[in-house]
1. For region 90-106, what does the Karplus curve 6.51 cos²θ - 1.76 cosθ + 1.60, with θ = phi - 60°, yield as ³J(HN,Hα) per residue in whole Hz, taken in order and with x for Gly and Pro?
2. When a/c is below 1.5 the answer is rounded, else prolate if a/b is larger than b/c, else oblate, so apply that to region 79-160 with a ≥ b ≥ c taken from the square roots of the Cα gyration tensor eigenvalues.
3. Quick check: residue separation of Arg48 and His128 times 0.36 nm, minus the Cα distance between them. What number comes out in nm?
4. Roughly how many Å² is the accessible area per residue of region 1-137, as a whole number, for a 1.4 Å probe?
5. Given only helices, namely DSSP H runs of n ≥ 4 each adding -39500 (n - 2.57), what is the per-residue ellipticity at 222 nm of the chain, to the nearest 500 deg cm²/dmol?
6. I need the shape label for region 12-52. Rule: rounded when a/c is under 1.5, else prolate if a/b > b/c, else oblate, with a, b, c from the alpha carbon gyration tensor.
7. If I model a spin label as a point 7 Å beyond the Cα along the Cα-Cβ vector, how far apart are those points for Asp31 and Phe19 in nm?
8. What's the tally of Lys pairs in the chain whose alpha-carbon atoms lie under 23 angstrom apart, where the two lysines are 8 or more places apart or on different chains?
Amino acid sequence: ILRFLFDEDDLLHLSPDIFRAQIKSLSEWIDSGLDEMQFFCPCTFKDRQHGRLAKNVLFRKYIVFETDERPYDWDGQAGLIERLAQALPLVLVVASGNKSWHSFHLADGNESAIEKFNDLVITLGGDHSVTRPAQMVRFPLGTNSRTGNKQKVIYFSRGN
């Protein structure tokens, strides 16, 4: 999935937990193995040295919606994601391994569209922290360390 989302030389942040921070190219991540990963940032970074900071974000190709607050049922979350897909194209939906879905929408660096999308996320009760440029989100096919559940891919579109 990552190969469809990013280019081989894109610098990405992946992590098995919220405490470690390492940036490598996509090809380096794939070569070193992804089995332990639980989180990643849906943006690319300028360099490896400055870490997972907003000022080190090179490009925001995707923006993510996630909510633990409402609704509590899958149909309700699917409805919110469907509404957001009207604002920016839906690319990926990952089940968190707990009680929410993370939907990834194609932003392609369009800051005006990202700002409008972020406003809609807040209106719909989404977690505002995932609107930050370098925020970690659930890694597709990772394992949620709190529940031991797989972070399943619910939807994936290669057409974007």
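The values are calculated or read from the model by the stated rules, or taken from the named source; none is laboratory data. None of these values were measured; they are calculated from a predicted model. Here the Cβ is made from the backbone with ideal geometry for all residues, glycine too, and neighbour counts use every protein chain on show. What goes into the accessible areas is simple: the full protein's heavy atoms, side chains included, and nothing from ligands, DNA or RNA. Shrake-Rupley method; radii C 1.70, N 1.55, O 1.52, S 1.80 Å.
1. Rounded to whole hertz, the list is 7, 10, 8, 10, 10, 6, 6, x, 9, 10, 9, 10, 10, 9, 9, 10, 6.
2. Cα axes put region 79-160 in the prolate bin.
3. 26.2 nm
4. On a per-residue basis, 50 Å².
5. After summing the helix terms and dividing by residue count, I get -6500 deg cm²/dmol.
6. On the way: a/c = 1.78, a/b = 1.17, b/c = 1.52.
Oblate, since a/c reaches 1.5 and b/c is not below a/b.
7. 2.9
8. 10
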